[in-house]
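The structure's right below; bear with me while I get my questions together.
The values are calculated or read from the model by the stated rules, or taken from the named source; none is laboratory data. Here the structure is a predicted model, which means the values were calculated and not measured. Glycine also receives a Cβ, built like all others from the backbone with ideal geometry; neighbour counts cover every protein chain displayed.
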Amino acid sequence: MRDLIVSAAEQAISAAEQLKLPTTLAFVEGVAREMVYCFRNGKKVLIAGNGGSLCDAMHFVEELTGQFRERRPALPAIAFADPSHMSCVANDFGYDEVFSRSVEALGQEGDLFIALTTSGNSSNIVRAVQMAKEKGIKTAAFLGKSGGALKGLCDWEWIVTGFRYSDRIQEAHMLVLHILVELVEQELFAKRPLSLSTIAH
């Protein structure tokens with residue numbers, strides 16, 4: 001049993017180590033800048049995922065609409081997790097459209113849509129990205145494995161490589177989601193901001 005625990009810990013550490021790669025750092029900086037731009041201009045962040053990734057999306061949003069490290073004003077963010085909407089759209093249009101209909105209904109130019117999919121092949125996430133692009137909404141993809149069908153389609157993308165299963169990928173995704181909230185709070189509300197917004201949008 002201890003061997004399994006140690007192996008799992010080593011895998012988790014290996015996934016976390018990918019956060020220090022230049023490509024990851026560029027992704028995090030780019031998405032953080034875009035989030036700051038959205039919030040400063042009265043826009044919002046939209047996010048979607050399936051299964052555990054949907055749970056991560058909801059977690060991310062409550063950190064923005066509630067608080068993370070310190071008390072501060074609520075930030076506008078929506079996780080696409082309304083069961084009545086999802087069951088309605090799945091019944092009437094098919095499950096592939098559950099997130100694209102939310103983007104169509106709620107998304108506005110200047111918003112940011114974040115896609116969470118460890119395979120990159122979730123068709124309902126792919127459709128949501130396509131709808132976001134149609135509406136002039138910037139997109140960021142948290143991916144895994146090979147990147148799947150979403151690889152190369154978003155304004156920003158990060159692929160956690162080297163893992164066959166989703167668990168380690170999702171854990172790495174959540175680390176970055178937490179870091180994004182921390183960066184945004186620091187930039188918008190700290191006495192000494194990070195000056196992310198000084199970089200051209």
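Being in contact with a Ser or Thr (Cβ under 8 Å, 6 or more places away or on another chain), buried (at least 18 other Cβ atoms within 10 Å of the Cβ) and of a type outside the set (Phe, Trp, Tyr) is the filter here, so list the residues in region 127-152 that pass it.
Selection gives Arg127, Ala128, Val129, Met131, Ala132, Ala141, Leu143, Gly144, Lys145, Gly148, Leu150.
Still on this structure, I have one more. With the condition kept exactly as written, say whether any residue in region 54-63 is more than 18 Å from Met131 (Cβ to Cβ), in a loop (DSSP other than H, G, I, E, B) and aromatic (Phe, Trp, Tyr). Before you say what the answer is, go through the steps one by one.
Of all residues in region 54-63, those more than 18 Å from Met131 (Cβ to Cβ) come to 55-56, 58-63.
Right, trim to in a loop (DSSP other than H, G, I, E, B) and you get none.
No, region 54-63 has no match at all.
Condition (residue is surrounded by 23 or more Cβ atoms within 10 Å (Cβ to Cβ), under 30 Å from Ala9 (Cα atoms), touching a residue at least 40 places away in the same chain (Cβ under 8 Å) and of a type in the set (Val, Ile, Thr)) applied to region 91-104: is it met by at least one residue?
No, because not a single residue in region 91-104 is surrounded by 23 or more Cβ atoms within 10 Å (Cβ to Cβ), under 30 Å from Ala9 (Cα atoms), touching a residue at least 40 places away in the same chain (Cβ under 8 Å) and of a type in the set (Val, Ile, Thr).
Looking at the structure I just gave you, is Leu116 farther than 19 Å from Phe80 by Cα, crowded, with 18+ Cβ neighbours inside 10 Å and in contact with a helix residue (DSSP H, G or I) (Cβ under 6 Å, 6 or more places away or on another chain)? Reasoning before the result, please.
Working: farther than 19 Å from Phe80 by Cα: no; crowded, with 18+ Cβ neighbours inside 10 Å: yes; in contact with a helix residue (DSSP H, G or I) (Cβ under 6 Å, 6 or more places away or on another chain): yes.
When the stated conditions are applied, Leu116 does not pass them.
Now a separate question. Could you list all residues from region 151-170 that are within 15 Å of Ser122 (Cβ to Cβ), outside any loop (DSSP other than H, G, I, E, B) and in contact with a Leu (Cβ under 9 Å, 6 or more places away or on another chain)?
Initial filter on region 151-170 (within 15 Å of Ser122 (Cβ to Cβ)): 151, 153-154, 157, 159, 166, 169-170.
Add one more test, that the residue is outside any loop (DSSP other than H, G, I, E, B), and what stays is 157, 159, 166, 169-170.
Across region 151-170, the qualifying residues are Glu157, Ile159, Ile169, Gln170.
Continuing with the same structure: Out of Ile137, Ile169, Ile125, report the one residue that is in contact (Cβ under 8 Å) with a residue 40 or more places away in the chain and under 12 Å from the mean Cα position of the chain (by Cα). Show your work before the answer.
Values: Ile137 fails: under 12 Å from the mean Cα position of the chain (by Cα); Ile169 fails: under 12 Å from the mean Cα position of the chain (by Cα).
One residue alone meets the criteria, Ile125.
Continuing with the same structure: Does Ile5 meet the test of being outside any helix (DSSP H, G or I) and either of a type in the set (A, V, I, L, M, F, W, C) or within 17 Å of the chain's Cα centre (by Cα) (or both)? Even if it seems obvious, please write down each step before you answer.
Details: outside any helix (DSSP H, G or I): no; either of a type in the set (A, V, I, L, M, F, W, C) or within 17 Å of the chain's Cα centre (by Cα) (or both): yes.
So Ile5 does not fit the description; no.
Quick one: count up the residues across region 49-72 that are under 19 Å from Met35 (Cα atoms), free of Cβ contacts under 8 Å to residues at least 24 places away in the same chain and touching a strand residue (DSSP E or B) at 6+ places or on another chain (Cβ under 9 Å).
Of the residues in that region, 4 qualify.
Checking Leu180 against (1) within 18 Å of Ser53 (Cα to Cα); (2) modelled with pLDDT under 95, only one condition comes out false. Which one?
(2)
When you look at Gly66, is it on the phi > 0 side of the Ramachandran plot and at pLDDT 95 or above, yes or no? I'd like the intermediate steps shown before the answer.
On the way: on the phi > 0 side of the Ramachandran plot: no; at pLDDT 95 or above: yes.
Against the criterion (on the phi > 0 side of the Ramachandran plot and at pLDDT 95 or above), Gly66 does not qualify.
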